[in-house]
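So the structure is just underneath, and the comments pick up after that.
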Amino acid sequence: MTMSGFAALLPRPVSAEAAPGTCPWPAPVEVRPGANLPAEGYRLTIAPDGVTLEAADAAGEFYGRQTLRQLAGPDAFRAASIHNGPAELPCGTITDHPRFAWRGCLYDVSRHFRTKAEVLRFIDLLAAHKLNVLNLHLTDDQGWRIETPEFPRLTSVGGWRKSSMVGRHDGPERDGRPHGGYYTVDDLREIVAYAASQAVTVVPEVDIPGHARAAITAYPELGPASDTPWEVWTSWGISTSLLDPSESALDFFRTVFDHVLDIFPSQVIALGGDEVPGVTEAHHRFVRAIADHLVARGRTPMGWDEVLDGGDLPAMVIGVWQDRERASLAVKAGHEVVLCPEDGVYLDHRQSDHPDEPIPVGYLQDLEHFYGFEPESGPHVRGVQAQLWSEHLDTVRRTDYAAFPRLSAFAEVAWSSGPRDYAEFLPRLRDHHLPRLDALGVEYRPLDGPRPWQTRPDAPGRPR
Ligand code: ACM
């Protein structure tokens, strides 16, 4: 591959052949169907007199255009042009397609709500990295974020909490500030439609039978008997309050999921199933019944790998996060897997041992660690997903810091095949891609550590 002017591309394309000359840009792009290109694939031929874009499908055309945007220089990532006159593209041919069909990021809008505008912006950032699944974690112990007209208390009561834990899971600190928010049905339809325009599928997640305390607070009959009134949880961690696996709770959640199906056209619908202390056979049956319900409605359920412990499930997508052995367990049981290991691609975990690292929690997962994530391929591996849990990310500025540039490294793992060399990646990121993030207004973590205003001396961490 002769990269020359193409060496700035991220994620790296399958093949790039440079040719002499440049093409003035913007230029007309002739789009043609791409015979023999794999799904989402494209071929760009850049000549002095114009650009031809062959595309396997709509996503392929979209990714070809993202590649042109990268070749046009970092200012092409600004909201408006700040230059007079044309830029130049290097001439040559790029042929490209992704390694994995599922290139996802989990986005937790329950622990800290993100406004609709923030979600739309995050979709833009995924699309700029050729990532294509937004796994939107909409419900948890700390907040319910989907307007659900059948059960209005889910948002009027479950959509906010009185206070939040600041930093570590095991301390007394609370901020004393109400926190909340939810998306109307129209907001969600807009998010789904906008994501589709950016070649991103929104996979909604409603977490059962644990991580459901916001729903239990709204409708206490969904939970176990309690002497004290329920509150939307003001702590982080794993709550022991589970849904009561009764027929009426099951009916309630069948109605909730039908509402979710009405909003989200995604083939895959996520039902959670993670971190359920004290789980019983009745809880497993509850999860299985919701999975069966989704299948009966023509969709494919997705659950975290804990659901495997209940056995006897319909064919699902399993999000393998706990340990990689669970991927083979899932495949043996007839499921497909999305690989999202906690020791590999958790963006909430601390990204350095720097003394000023803000709210350092979890395992050390620096940029090189993310780039070194080696997922197995295979017919049952649908893809990979990075996870952006938001307990410690109370603003979108914190989210930018946690996500970038590690998510840029992950995007290359998700898209590109072949050997990876961090020493080759790092200058490409530093010299070409970080300027794009600057132009987009992303407040990423600088490679040498946080800026003073990115530190959080007010909030203790909990490194592992
Ligand atoms: C998870 O991190 N609880 C899937």
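Could you tell me whether D312 is exposed (fewer than 14 other Cβ atoms within 10 Å of the Cβ) and within 15 Å of the ligand (Cβ to nearest atom)? Considered against the rule, which asks whether it is exposed (fewer than 14 other Cβ atoms within 10 Å of the Cβ) and within 15 Å of the ligand (Cβ to nearest atom), D312 comes out as no.
Filtering segment 89-111 to residues that are more than 15 Å from the ligand (Cβ to nearest atom), part of a strand (DSSP E or B) and out of contact with any Cys (no Cβ under 7 Å at 6 or more places or on another chain) leaves P90, G92, T93, I94, T95, D96, W102, R103. When the criteria are applied in full, Y444 meets the requirement of being free of Cβ contacts under 8 Å to residues at least 60 places away in the same chain and part of a loop (DSSP other than H, G, I, E, B). Can you tell me which residues in segment 26-44 are surrounded by fewer than 18 Cβ atoms within 10 Å (Cβ to Cβ) and either among the β-branched types (V, I, T) or outside any loop (DSSP other than H, G, I, E, B) (or both)? V29, E30, V31, R32, P33 - these are the residues of segment 26-44 that are surrounded by fewer than 18 Cβ atoms within 10 Å (Cβ to Cβ) and either among the β-branched types (V, I, T) or outside any loop (DSSP other than H, G, I, E, B) (or both).
If you go through segment 254-274 and pick out every residue that is in contact (Cβ under 8 Å) with a residue 40 or more places away in the chain and buried (at least 16 other Cβ atoms within 10 Å of the Cβ), you end up with 14. For segment 292-306, the criterion of being within 16 Å of the ligand (Cβ to nearest atom) and small (G, A, S) is met by at least one residue.
Restricting S248, S266 to those that are of a type in the set (S, T, N, Q), part of a loop (DSSP other than H, G, I, E, B) and either modelled with pLDDT of 95 or more or out of contact with any Gly (no Cβ under 6 Å at 6 or more places or on another chain) (or both) reduces the list to S266. Between L243, L188, the distinction of being in contact with a helix residue (DSSP H, G or I) (Cβ under 7 Å, 6 or more places away or on another chain), modelled with pLDDT of 95 or more and over 30 Å from F100 (Cβ atoms) belongs to L243 only.
Here is a yes/no grid of residues against (1) surrounded by fewer than 21 Cβ atoms within 10 Å (Cβ to Cβ); (2) under 23 Å from A414 (Cα atoms):
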site	(1), (2)
H83	yes, no
R99	yes, yes
G104	no, yes
Y107	no, yes
H112	no, no
A117	yes, no
L131	no, yes
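Of the residues making up segment 119-130, none is within 20 Å of H392 (Cα to Cα), assigned to a loop (DSSP other than H, G, I, E, B) and modelled with pLDDT of 95 or more. Do we find that R350 is in contact (Cβ under 8 Å) with a residue 12 or more places away in the chain and within 16 Å of the ligand (Cβ to nearest atom) in this structure? So R350 fits the description; yes.
Restricting segment 322-345 to residues that are among the small types (G, A, S) and crowded, with 20+ Cβ neighbours inside 10 Å, which is nearest to the ligand (Cβ to nearest atom)? It comes out as G344. Being surrounded by fewer than 23 Cβ atoms within 10 Å (Cβ to Cβ) and either at positive phi or within 16 Å of the ligand (Cβ to nearest atom) (or both) narrows it down to one of G319, G362, so name that one. Residue meeting the stated conditions: G362. Against the conditions (1) away from the ligand (no atom under 16 Å from the Cβ); (2) out of contact with any helix residue (DSSP H, G or I) (no Cβ under 6 Å at 6 or more places or on another chain); (3) under 30 Å from R428 (Cβ atoms), A282 satisfies every one except (3). For segment 447-464, the tally of residues that are outside any loop (DSSP other than H, G, I, E, B) and either of a type in the set (K, R) or under 18 Å from L9 (Cα atoms) (or both) stands at 1.
The values are calculated or read from the model by the stated rules, or taken from the named source; none is laboratory data. Nothing here was measured: the structure is a model prediction, and the numbers come from that model. In this analysis, Cβ positions are derived from the backbone assuming ideal geometry, glycine residues included, and neighbour counts consider all displayed protein chains.
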